[in-house]
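Student: This is the structure, below, for whatever I ask next.
What follows is calculated from the coordinates using simple rules that are stated; it is not laboratory data. No experiment lies behind these values; they were computed from the predicted model shown. Glycine gets a Cβ as well: all are built from the backbone with ideal geometry, and neighbour counts include every protein chain shown.
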Amino acid sequence: MSPHSTSELLAARVRLPQHVVHRSFVAETVVLNLRTGQYHGLNPTAGRMLEALADAPTAGAIVPELALEYGVEPAKIESDLLALCQGLLERGLIEIADADSA
């Protein structure tokens, strides 16, 4: 999978593929790739970002909400979100939705 530019990723709708499931717990969110059998643990902040991405029209749309929620600068949230998304993309745990898919 080719890396996405910062602006492309922020403007994209991100979703979990059908072969990926997740479950949130107090201390972490566990994400399981059913195709590979590998699971990945996300800290509570990354788990919250993944949760917010599920309903967002674009990845960038969650930045102001999370910045307010965590009381940090939007640039910090954006940076952390981009790092999270790139890592999840590399592991096949999220995908960029097509423009015409819901």
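Student: Among the residues of region 38-57, count how many are in contact with a Phe, Trp or Tyr (Cβ under 9 Å, 6 or more places away or on another chain) and within 11 Å of His22 (Cα to Cα).
Tutor: Going through region 38-57 one residue at a time, the tally reaches 1.
Student: Of the residues Glu78, Glu95, Glu51, Glu65, which single one is of a type in the set (D, E, K, R) and within 16 Å of Thr29 (Cβ to Cβ)?
Tutor: Going through Glu78, Glu95, Glu51, Glu65 in turn, the sole match is Glu51.
Student: If I filter region 26-38 for residues that are more than 14 Å from Ala83 (Cα to Cα) and touching a residue at least 60 places away in the same chain (Cβ under 8 Å), do I get at least one hit?
Tutor: Among the residues of region 26-38, at least one is more than 14 Å from Ala83 (Cα to Cα) and touching a residue at least 60 places away in the same chain (Cβ under 8 Å), which makes the answer yes.
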